[in-house]
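**Q** Here's a structure for you.
Every number here is computed from the coordinates shown, using simple stated rules; none is lab data. Note that the structure is a prediction, hence the values are computed from the model and not measured. With ideal geometry, Cβ positions are generated from the backbone for all residues, glycine too; neighbour counts draw on all protein chains shown.
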Amino acid sequence: MNDNLRAALLMIAAMAGLSAEDLFIKMLLDRVPMGEILLILGTGGTLAMFVVARIRGDRLLDPLMLSRPVLIRNGAEMAAQVLGFTALALLPLSLVTSIGQAAPIVTTLGAALFLGEVVGWRRWSAIFVGLIGVLMILRPGSEAFQPAMILSALAVCCIAARDLATRRAPRELGTMPLNFWGYATTIPSGLLMLIFGGQAPVWPEPMDQVILAAAVVMGVSFYFILTLALRMGESSVVVPLRYTRLVFVLILAALVLGERPSAMMLAGAALVTLSGLYTLLREARLKRRRRQRPSPEPMPPL
């Protein structure tokens, strides 16, 4: 078994595990305040990542963490968490996940508009098709439209802003410090939701405690499996498999929560997924071409 195949299997396993975590969170939102869930998940995940960082010898306190791109990244992460959790509490899990599949498309659009990245007609076409898919999911003006869908769409924009800021983060910063502080933003996000959300903390029932613990363990474990997959395999092979998360969520939401997405929503999700896949594959191909392009020969001395 080669590295790409191992990485592909790990990525699929990570998407299955993270989909189960989404399901657990959705199941808890009716009985446990959103802020409390976010606070518990953030505290458990941050502690786990701190332990791993200390074992690896990574430096977590670095003045570069106060650089503008990193601060923007962490702020966008916090906003995405608050918006995403609120949308998840108000909307079906399958709907929130379908809207979330637009993140790579919005990221490419943002790179073209704000970072000056050159986007060819193929990717512009994929962005256009993907946005049509988003409109098919949202269906503004129809009876199926719910105002909370706007929160989910805004969360996608914040995720795209986070990814764009990550591209501009100082190269001297390693992946682990960035991820640690990104994960740590979950703690103040949860506190803010508790303070301003109008919900008092509760002591979860024994079964809810088990579900919470499972969500923390699965979230951290499969996050590291996801990281391992990205490091082991080629991006063009591994990254598109992120879209298997939608398949797992649709199955789990139907079996456990009884959700039945409409044909229009499924068609829109398919358009978003296909356009996102093409965008990712096209970007990976362009990066490979740039790496293979021979560097210009130095000028001969005068």
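**Q** Can you list the HN-Hα couplings for segment 132-137, worked out from phi with the Karplus curve (6.51, -1.76, 1.60; θ = phi - 60°), rounded to whole Hz and with x for Gly and Pro?
**A** Each residue of segment 132-137 in turn: 4, x, 4, 5, 5, 6 Hz.
**Q** I want to make sure I understand the PRE zone here: with the label point 7 angstrom from the Cα of Glu234 toward its beta carbon, which residues in segment 1-30 have backbone N atoms less than 16 Å away?
**A** 2-9
**Q** Compute the long axis of helix 148-167 from its Cα atoms, compare it with the longest principal axis of the Cα atoms of the chain, and write down the angle in degrees, 0 to 90, nearest 10.
**A** Computed tilt is about 30 degrees.
**Q** What list of ³J(HN,Hα) couplings, whole Hz, do you get for segment 96-106 from phi and the Karplus terms 6.51, -1.76, 1.60, once you set θ to phi - 60° and write x for glycine and proline?
**A** Here the 3J(HN,Hα) series is 4, 5, 4, 5, x, 5, 7, 4, x, 5, 5 Hz.
**Q** Also, I was wondering about something else. On a full-extension model of 0.36 nm per residue, what is the gain between Glu143 and Arg168, subtracting their alpha-carbon distance, rounded to one decimal in nm? Mind showing how you got there, number by number?
**A** Values: separation 25, 0.36 × 25 = 9.00 nm, distance 4.12 nm.
That works out to 4.9 nm of additional length.
**Q** Given that just one value was derived from the coordinates, which of [x] 28; [y] 47; [z] 34 is percent of Cα pairs over 30 Å apart?
**A** Read-out from the structure maps to [z].
**Q** So what is the relative contact order of segment 3-289, in percent, for Cα pairs below 8 Å that sit 6 or more residues apart?
**A** That works out to 45 percent.
**Q** May I pose another question? Which FRET efficiency, nearest 0.05, do Arg54 and Ile150 yield, Cβ-Cβ r, R0 45 Å?
**A** Once rounded, the FRET efficiency stands at 0.65.
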